[in-house]
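Trainee: One structure, as structure tokens, below. Some questions next.
The values are calculated or read from the model by the stated rules, or taken from the named source; none is laboratory data. It should be emphasised that the depicted structure is a prediction, and the values quoted were computed from it without experimental measurement. Counting neighbours? That spans all protein chains shown, and the Cβs are built from the backbone with ideal geometry, glycine included.
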């Protein structure tokens, strides 16, 4: 009897149903773990090289805006070519290149081209992994279970990074090395992901720009994208200035990492219940519930003065991300044609984190510079309340239309 090599057995395992889920879970873990070591802490790096608040906001805005454009274009290219894994690997290599250049830039001007290079390939990785997962699952509502790998990766590595930065042996440059380490692992691991190339793609026709236009023309589609945009706008104030807020109320880098790790517990709890919540409420009410949580989070964050209390608030806030993410992914999956599913998910993500994140980072940077982090979060509580009221109004109008429809 012919013996198989360890490599062949490993590859064979990842082709089984259980191995497929394990591989996708691990891919989300590696992708988000790398981002967790870098994105939350890069604001501290910018401040350490003496950038001002408005410059930090602008760099975050540029990252989001470039990601908004490139995410849609690269996702559409992967749908047209049906070479999703090839595009994924190219994105990983470009990000690694940018991260190697980051520590050599010490001013706003020299950072600009590096931030743009990094941003071009940041968002498509998430869109491609989401599309691959939804395509591989028998029940798309199981997506939240696989996506939980990303939340766990985010929570663990933010904590580990914070602890490392709290020791004299490491400086802020460690965030670049950690991100590169996880990207290299993801690059290697991409060979074990399910195939979505031409030989195995579903025969649902070739993607075209007309498919995108038809999707955008669906009733209430763009208004819901506007709701997601508002959530992303407020999220930018957290991703860019949360750690600076914790620092200013007396928190340490270890507390910063712990705060995001506690947020992970809220994310996991919400993701674990996402399938049941979606069955009961539907995707749109899940997004409305995310805004309810977000209003409370911002109001509490602005009021808290004792650093340890931020941990309680972070647990609650973690549920908001899972609700908006799982609800948004499900909403897009229900309405988008299969042949542009990657593009559709990229559109959702780029509106939320790209367009919303870009506008939010600029606004947050100006508000932080002028009034400080507590006032910034009070204002974002008001913006979240406006988003909640608009979402309730939109759902009410849709419900009335559905009742009168033949």
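Trainee: With (1) in contact with a helix residue (DSSP H, G or I) (Cβ under 6 Å, 6 or more places away or on another chain); (2) within 22 Å of residue 123 (Cβ to Cβ); (3) buried (at least 22 other Cβ atoms within 10 Å of the Cβ) as the list, and residue 359 as the residue in question, which single condition is left unmet?
Mentor: (3)
Trainee: Would you check which residues across the range 97-125 are surrounded by fewer than 19 Cβ atoms within 10 Å (Cβ to Cβ) and either farther than 23 Å from residue 46 by Cβ or in contact (Cβ under 8 Å) with a residue 60 or more places away in the chain (or both) and list them?
Mentor: 100, 103
Trainee: Those residues that are out of contact with any helix residue (DSSP H, G or I) (no Cβ under 6 Å at 6 or more places or on another chain), assigned to a helix (DSSP H, G or I) and within 18 Å of residue 186 (Cα to Cα), I need them from the range 66-94; list them, please.
Mentor: Those that are out of contact with any helix residue (DSSP H, G or I) (no Cβ under 6 Å at 6 or more places or on another chain), assigned to a helix (DSSP H, G or I) and within 18 Å of residue 186 (Cα to Cα): 86, 90, 93, 94.
Trainee: Could you tell me which of the residues 228, 212 is modelled with pLDDT under 85, surrounded by 15 or more Cβ atoms within 10 Å (Cβ to Cβ) and assigned to a helix (DSSP H, G or I)?
Mentor: Of 228, 212, the one residue that is modelled with pLDDT under 85, surrounded by 15 or more Cβ atoms within 10 Å (Cβ to Cβ) and assigned to a helix (DSSP H, G or I) is 212.
Trainee: Tell me which of these residue 219 doesn't satisfy, since it passes every other one: (1) in a helix (DSSP H, G or I); (2) under 28 Å from residue 336 (Cα atoms); (3) in contact with a helix residue (DSSP H, G or I) (Cβ under 9 Å, 6 or more places away or on another chain); (4) at pLDDT 80 or above.
Mentor: (1)
Trainee: State whether the residues of the range 376-386 include one that is surrounded by fewer than 22 Cβ atoms within 10 Å (Cβ to Cβ) and closer than 29 Å to residue 116 by Cβ.
Mentor: Yes, that holds for at least one residue.
Trainee: Another question, if that's okay. Being at pLDDT 85 or above, part of a helix (DSSP H, G or I), within 22 Å of the chain's Cα centre (by Cα) and buried (at least 18 other Cβ atoms within 10 Å of the Cβ) is the requirement here; does residue 128 meet it?
Mentor: No, not satisfied.
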